[in-house]
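Following: one structure in structure tokens, then a few remarks.
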Amino acid sequence: MSISTSFPADRTAVVTGAASRRGIGRATADRLAREGWSVAVLDVDDVGAAEIAAEISDRHGIATLGVGVDIADERSVEVAISQVEASMPPIVALVNVAGVSSPVPFLELTTAEWDRVFDVNLRGTFFVTRRLVPGMVERRLGRIVSVSSVSAQRGGGTYSKVAYSAAKAGVIGFTRALAREVSPLGVTVNCIAPGPVDTDIMGGTLTEERKREMAAGMPVGRVGTVAEIAALLAFLCGEDAGYITAATYDINGGLQIS
């Protein structure tokens, strides 16, 4: 079977961690819907996922589905994805956004906290990706994009510390290795490494003073927006991104210059 280079008119993007109203996931789900994708909103907050999915459907007139899922639990992932497959068009794209932060210093870091951070940021990414890759390979068409962090490249220095930086570094390694295996089968695999973004993951809503503190020394002089991150994620899911794989895209306002 040859590799497909054109997208079907009816296609679904799965976005994890998309129920937070100020989050990257919600902005990405909305952006993909605007570009014609049917969207499955997955989140541990089942009520929030359903609400966001309904709002996106009303706004853009496309099919959506909100599903509650604990991505760190393999059985929960199986149930959620099966529900999406049963009621939505073929899944062409997966955006792994779901994540948790951890500002705990290493000398205070417990095994429980380490496991919590890795369970969501890396184990969860693995579970959802592993569940969806076979279908993409069978159709010879797929886009997988995961969210890492500038913290993985710089060793922290923004908000979260060792556990988060290590887990997000794992996302980069996971992306590169998986791309080697499945890109010849029609599935591209990429990740992005955002710098500070105005969401709630860094301990709550950022005040203007805190934004200025975080932007100090950054060439663009400000923190990023969820809309800017969503635009990059949507592009990497798109038909025009078929020649891009195993890449890590910096989107950090110049905080980290690779």
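Any read-out appearing in this document is the output of simple, stated calculations on the displayed coordinates, not a laboratory observation. Predicted, not measured: the structure shown is a model, and the values here were computed from it. Virtual Cβ from ideal backbone geometry, glycine too; neighbours counted across all protein chains shown.
Quick look at the numbers
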item	result
Degrees between helix 46-60 axis and first principal axis of the chain (Cα, 0 to 90, nearest 10)	70 degrees
Reference-scaled alpha-carbon Rg (2.2 N^0.38 Å with N residues) for region 109-258	1.09
Distance from region 170-184 to region 46-119 (C-alpha centre basis), Å	21 Å
Relative exposure of Ser146, Ser258, Ser183, Ser102, judged by other C-beta atoms within 10 Å (fewest first)	Ser258, Ser183, Ser102, Ser146
Antiparallel bridges, percent of DSSP beta bridges restricted to region 12-250 (to nearest 5)	0 percent
Mean separation of Cα contacts under 8 Å (6+ apart) over length of the chain, as relative contact order %	19 percent
Percent of Cα-Cα distances greater than 32 Å, calculated over the chain	17 percent
Region 34-147: C-alpha pair distances exceeding 16 Å, %	63 percent
Peptide ranges 94-101, 185-192 listed from the most packed, as the mean C-beta count within 10 angstrom indicates	94-101, 185-192
